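The values are calculated or read from the model by the stated rules, or taken from the named source; none is laboratory data. Quick caveat: nothing in here was measured; it's all calculated off a predicted structure. Backbone-built Cβ (ideal geometry, glycine too); neighbour counts: all protein chains shown.
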Amino acid sequence: MPATDFAGFRLDEQVAAVTGGASGIGRSAARLLAASGAKVVVLDIDCESAAESANQIREEGGQAKAMAMDVTVESEIERAMDATVAEFGRLDVLVSCAGIAIREPALDHSLKHWNQVLQVNQTGVFLCARHAARHMRKSGYGRIVNVASIMGLSGGGIYPNISYQTTKGAIVNMTRALAIEWASDGILVNAVAPTYVRTPFIEELLEQPGIEEEIRRLTPLGRLAEPEEVAPAILFLASPAASMVTGHILAVDGGFLAQ
Ligand code: NAD
């Protein structure tokens, strides 16, 4: 079979939910999943931007719907996953992109800030996975792709960001543990670990003198990633092509972790 006939990356007839789909990596992933045939539900706390993502997908010929959802509120997560299945009949793919950072030195990081970051990046990812898996289990098929970070596989070092580092490390091991627990249900759980990606998430950081140069210096490919360079890795893990891949953390890092 010619390689061009390979259909493993197609998501026709599938339904995908993308948290954090209103911006950055999540929006890019939502667009690519839709372009690959999936009906996409864009879930985000920022309703207006989520609606923009869904509109953009529809303009590009895809099918999408935006729903407001805060990943720190379990009832909202449950409602959004149920509404997705009620409207589209199934849920095949969950991409967990919603995330925040409060970059402060550990000694000054208030418990309030620590808890805020853990609630979104760690507990939120777990609750979304659990509520999605309840539906996926019924059909015996599911793909969960969590968005970790190179900061989940290294201690960082350019600037202090303790709660973020902690949560991304937690996502790495949560991904492995859920992959094992849900393997027999046909639910594959993987994560991507991107390097610095040019999105609103790091805009303020890049304004600080010397930071971008330091990132470039520490990256063998010598640059930051674009969201469109992370989305294909997410598509692979979300697709039938990854049928023998679970519990894997796919670095999309320009060689950052190779050193
Ligand atoms: P972004 O700020 O562009 O997008 C994050 C999205 O998450 C936003 O739309 C925001 O509204 C949403 N969100 C935040 N809190 C939420 C909540 N409580 N409930 C629902 N949605 C919420 O950021 P991005 O760069 O696209 O980041 C996406 C993911 O990628 C994050 O998990 C981030 O940690 C991770 N990541 C980013 C980078 C980077 O350099 N940009 C690098 C590695 C990993």
Taking interchain pairs and intrachain pairs at least six residues apart, which have beta carbon atoms under 7 angstrom, with the first residue in region 244-258 and without any contact (Cβ under 8 Å) to a residue 60 or more places away in the chain and on the phi < 0 side of the Ramachandran plot and the second assigned to a helix (DSSP H, G or I) and not polar (S, T, N, Q)? V245/L237
Are any residues in region 23-49 out of contact with any Phe, Trp or Tyr (no Cβ under 9 Å at 6 or more places or on another chain), within 20 Å of D92 (Cα to Cα) and within 16 Å of the ligand (Cβ to nearest atom), and if so, which ones? G26, R27, S28, A29, A30, R31, L32, L33, V40, V42, L43, D44
Residue list for region 215-242, filter: surrounded by fewer than 17 Cβ atoms within 10 Å (Cβ to Cβ) and within 14 Å of the ligand (Cβ to nearest atom): R216, R223, E226, E228
Does any residue of region 194-201 turn out to be touching a Leu at 6+ places or on another chain (Cβ under 6 Å), within 27 Å of V40 (Cα to Cα) and of a type outside the set (A, V, I, L, M)? yes
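Here are A129, A106: which of them is away from the ligand (no atom under 16 Å from the Cβ) and in contact (Cβ under 8 Å) with a residue 40 or more places away in the chain?
Working: A129 fails: away from the ligand (no atom under 16 Å from the Cβ).
From the options A129, A106, the qualifying one is A106.
Which ranges mark the strands (runs of 3 or more DSSP E) fully within region 1-96 that have 2 or more residues being under 16 Å from the mean Cα position of the chain (by Cα) and in contact (Cβ under 8 Å) with a residue 24 or more places away in the chain?
Values: elements: 15-19, 39-44, 63-68, 93-96.
Correct list: 15-19, 39-44, 93-96.
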Can you say whether D82 is of a type outside the set (F, W, Y), within 10 Å of the ligand (Cβ to nearest atom) and either buried (at least 18 other Cβ atoms within 10 Å of the Cβ) or modelled with pLDDT of 95 or more (or both), as far as the supplied structure shows? no
Within region 207-223, does at least one residue satisfy the condition of being touching a residue at least 24 places away in the same chain (Cβ under 8 Å) and within 21 Å of A132 (Cβ to Cβ)? no
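Conditions (1) surrounded by fewer than 24 Cβ atoms within 10 Å (Cβ to Cβ); (2) within 12 Å of the ligand (Cβ to nearest atom); (3) of a type in the set (A, V, I, L, M), marked per residue:
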| residue | (1), (2), (3) |
| --- | --- |
| H135 | yes, no, no |
| K138 | yes, no, no |
| I144 | no, no, yes |
| A148 | no, yes, yes |
| A177 | yes, no, yes |
| E181 | yes, no, no |
| S184 | yes, no, no |
| N190 | no, no, no |
| T195 | yes, yes, no |
A106: over 22 Å from D46 (Cα atoms) and of a type in the set (A, V, I, L, M, F, W, C), yes or no? yes
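Quick one: which residue in V95, V73 is within 22 Å of N173 (Cα to Cα) and within 14 Å of the ligand (Cβ to nearest atom)? Quick ask: steps written out before the conclusion?
Working: V73 fails: within 22 Å of N173 (Cα to Cα).
That would be V95, the only listed residue that is within 22 Å of N173 (Cα to Cα) and within 14 Å of the ligand (Cβ to nearest atom).
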Which one is nearest to the ligand (Cβ to nearest atom), of the residues in region 150-166 that are over 17 Å from V252 (Cβ atoms) and part of a helix (DSSP H, G or I)? Y164
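Of the residues in region 177-188, how many are over 21 Å from the mean Cα position of the chain (by Cα) and either charged (D, E, K, R) or modelled with pLDDT under 95 (or both)? Walk me through how you get there before you give the answer.
Filtering region 177-188 down to residues over 21 Å from the mean Cα position of the chain (by Cα) leaves 184-185.
Next cut, either charged (D, E, K, R) or modelled with pLDDT under 95 (or both) only: 185.
Qualifying residue count, region 177-188: 1.
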